[in-house]
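Beneath this line is the structure, given in structure tokens, with notes to follow.
The values are calculated or read from the model by the stated rules, or taken from the named source; none is laboratory data. Note that the structure is a prediction, hence the values are computed from the model and not measured. Please note: Cβ atoms are built from the backbone with ideal geometry, for glycine as well, and neighbour counts cover all protein chains shown.
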Amino acid sequence: MLLLLPVLVALEAVLSADNAIALAAIAQGLEGGKMQRQALNLGLVAAFILRVGLILTATWVTKFWQFEFMGAAYLLWLVFQYFTSDEDKTSGTSHHHHGPKFSSLWQAIPLIALTDLAFSLDSVTTAIAISQEIWLVITGGLIGIIALRFMAELFIRWLDEFVYLEDAGYTTVALVGIRLLCKAFSLDAVLPEWLMVILIALFFTWGFSKRTPTQTEELESPPESGPIEMTESEQEKVPR
């Protein structure tokens, strides 16, 4: 039975990459690394409580397609908010945050918890299908939350380092949202797990494909070639 625990943890890790980048993008809506870390810590504590509630009621929740529909609608709303942002994503060379912005820590915490809950609608039902031992699923969820916390902090740094990573992350969030929407209405239309993993891996490969130029690289880049202008005194010295 304990042999299933590594399987559940691995499942959480694979399915949490897109979750982690979504949480990282939300936390980036706060100013300063300290507030971002606090938001992740408190938000994921709340998220774990919600996960336990979802695990304990999973058999009941799966009977109602409305829960998956609401989770899908929420994730797709996050994606819509991101891609319709008024901010110019092509301006400048440094990373610009396009997700929601917060003036208070307590505005970000509920959004982090709700985002994880929406992702958990997919991963928890999969975990329940693997094992009916509730304590085992809760233990796997706890380890998954801890891993998610460290992954999200890594992504906060990586979002500043890679040009396409945030776009790739929100694209995978859209995939999860569409998958939940399909589950709500027709299980036959749901993409299999292996195909989801491949698609997520491909999008993240694209996301990590280009680094953001540093200020040093920008300064060292050669200036654009053009006509050389000379002063009048320099022009007089030129032999005719």
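Just a few scattered comments:
- For Gly92, the criteria (1) more than 20 Å from the chain's Cα centre (by Cα); (2) surrounded by 14 or more Cβ atoms within 10 Å (Cβ to Cβ); (3) at pLDDT below 85; (4) not β-branched (Val, Ile, Thr) hold in every case but one, which is (2).
- Pick from segment 14-52, criterion part of a helix (DSSP H, G or I) and among the charged types (D, E, K, R), ranking: nearest to Leu121 (Cα to Cα): Arg51
- Counted residues, segment 53-68 - those being assigned to a helix (DSSP H, G or I), crowded, with 16+ Cβ neighbours inside 10 Å and not acidic (Asp, Glu): 5
- Answer from Ala73, Ala108 - the residue that is assigned to a helix (DSSP H, G or I), surrounded by 13 or more Cβ atoms within 10 Å (Cβ to Cβ) and either modelled with pLDDT under 80 or more than 15 Å from the chain's Cα centre (by Cα) (or both): Ala73
- All conditions in (1) under 24 Å from Lys183 (Cβ atoms); (2) at pLDDT 85 or above hold for Phe162, with the sole exception of (1).
- Residues that are surrounded by fewer than 16 Cβ atoms within 10 Å (Cβ to Cβ) and of a type outside the set (S, T, N, Q) were ranked within segment 28-49; the one that is nearest to Glu153 (Cα to Cα) is Gly33.
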